[in-house]
Amino acid sequence: MDELVAQTQLYRESIISYVYRITGSLEEAKDITQDTIVKYISRNEEEVLNPKAWMFKVATNLTFDFLKSAKNKKETYIGPWLPEPYIEENHSVQEELELDESMSVALLVLLEKLTLKEKIAYVLHDIFDFSHNEISKIINTSIPNSRQLSSRANKKLQRDEVKFVPSKEEHLHLTESFLQAVKNGNFEQLSDLFADEIRLHSDGGGKAIAARKILYGNKEFLTNFLLKVTKPAFVKGVKSSMNISWFNGAYGITLSINERTVTSYSFEIKDNKITAVYSLRNPDKLKCFNL
């Protein structure tokens, strides 16, 4: 029994991050992973040649079940949807962390363009390096269809611009500069951080004030908008703070009022400019910062 438990721990974090990428819910990913581990340990002497593939298949089936039960909630979600923040359970000191674009909010939002099977095929193949033979068994399809799902996913995810992944130092510099500009209400400083065309995704889930649609526009418009909506947090008498945090494989910012996180900000960056701001305000999704 101890040997089985130890074996499951080899894959626990990988399965959590896999299910999270599919569902956008860290809490659900942990629950599904725990159920997967229990099923593996309590199986009836079934011979398992590939424990990792076996557990990923079970986790995938449980994820299908969860998403079917949650489908109506997703369809009636108020305003733009953003994933819950992903905070690593076990990580090295912050100075040693490297940017992980595959866990970014930008990519997770982009994955919503895909069908469920396309998303699973893409994540398993492009991020977790599963072969199409293994994927076909996990999602009960043929190898050619697995290849087709992966190909379709990649075509849908292709962007017009050249993919650009900033260095950790560039990302941190822009994050710190954003924080200072918002705190100080400095229009010029904030505007200078933005690309000429920028997007704002704001998720309030109907439970916090947020834009009901994705805002697209020039940087002057969105600079004014962001400074206007954040100004009440920094008026005299309000106990507020903004801090740099590490989540979703990159630096982001948390805004707290009366020691409760009310907003998290993460960014998409290209050519040393911020091209998208992801503002999460749904209190249900910010619980991880308030534990």
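The values are calculated or read from the model by the stated rules, or taken from the named source; none is laboratory data. Source: prediction; values computed, not measured. We place every Cβ from the backbone using ideal geometry, glycine too, and count neighbours over all the protein chains shown. Please note that ligands, DNA and RNA were not included when accessible areas were found on the heavy atoms of the full protein model with its side chains. Shrake-Rupley method; radii C 1.70, N 1.55, O 1.52, S 1.80 Å.
Scanning the range 224-249 for residues that are part of a loop (DSSP other than H, G, I, E, B), over 19 Å from the mean Cα position of the chain (by Cα) and either under 26 Å from M103 (Cα atoms) or touching a residue at least 12 places away in the same chain (Cβ under 8 Å) (or both) yields a count of 2. Only a single item in (1) of a type in the set (F, W, Y); (2) assigned to a helix (DSSP H, G or I); (3) within 24 Å of the chain's Cα centre (by Cα) is not met by F221, and it is number (3). Output the residues belonging to the range 126-137 that are surrounded by fewer than 21 Cβ atoms within 10 Å (Cβ to Cβ), over 17 Å from the mean Cα position of the chain (by Cα) and not polar (S, T, N, Q). The answer is D129, H132, E134, K137. For the range 173-194, indicate whether the set of residues that are assigned to a helix (DSSP H, G or I), charged (D, E, K, R) and closer than 14 Å to I274 by Cβ is non-empty. Yes, the range 173-194 contains at least one residue that is assigned to a helix (DSSP H, G or I), charged (D, E, K, R) and closer than 14 Å to I274 by Cβ. All of (1) hydrophobic (A, V, I, L, M, F, W, C); (2) modelled with pLDDT of 95 or more; (3) open to solvent by 10 Å² or more (accessible area, probe 1.4 Å) hold for L99 with one exception: (2). Residues in the range 250-280 that are farther than 21 Å from F194 by Cα and either polar (S, T, N, Q) or not in a strand (DSSP E or B) (or both): S256, N258, E259, T261.
Filtered by the rule that a residue be among the charged types (D, E, K, R) and under 19 Å from V58 (Cβ atoms), the range 130-149 gives E134, K137. Among the candidates L255, L200, L280, L222, the residue that is under 19 Å from S25 (Cα atoms) and crowded, with 20+ Cβ neighbours inside 10 Å is uniquely L280. Criterion first (open to solvent by 80 Å² or more (accessible area, probe 1.4 Å), under 16 Å from L255 (Cα atoms), touching a residue at least 24 places away in the same chain (Cβ under 8 Å) and not hydrophobic (A, V, I, L, M, F, W, C)) does K207 satisfy it? So K207 does not fit the description; no.
Count of the range 108-142 residues, restricted to those that are outside any helix (DSSP H, G or I) and in contact (Cβ under 8 Å) with a residue 40 or more places away in the chain, is 4. If you go through the range 238-252 and keep only what is hydroxyl-bearing (S, T, Y) and surrounded by 15 or more Cβ atoms within 10 Å (Cβ to Cβ), you end up with S240, S245, Y251.
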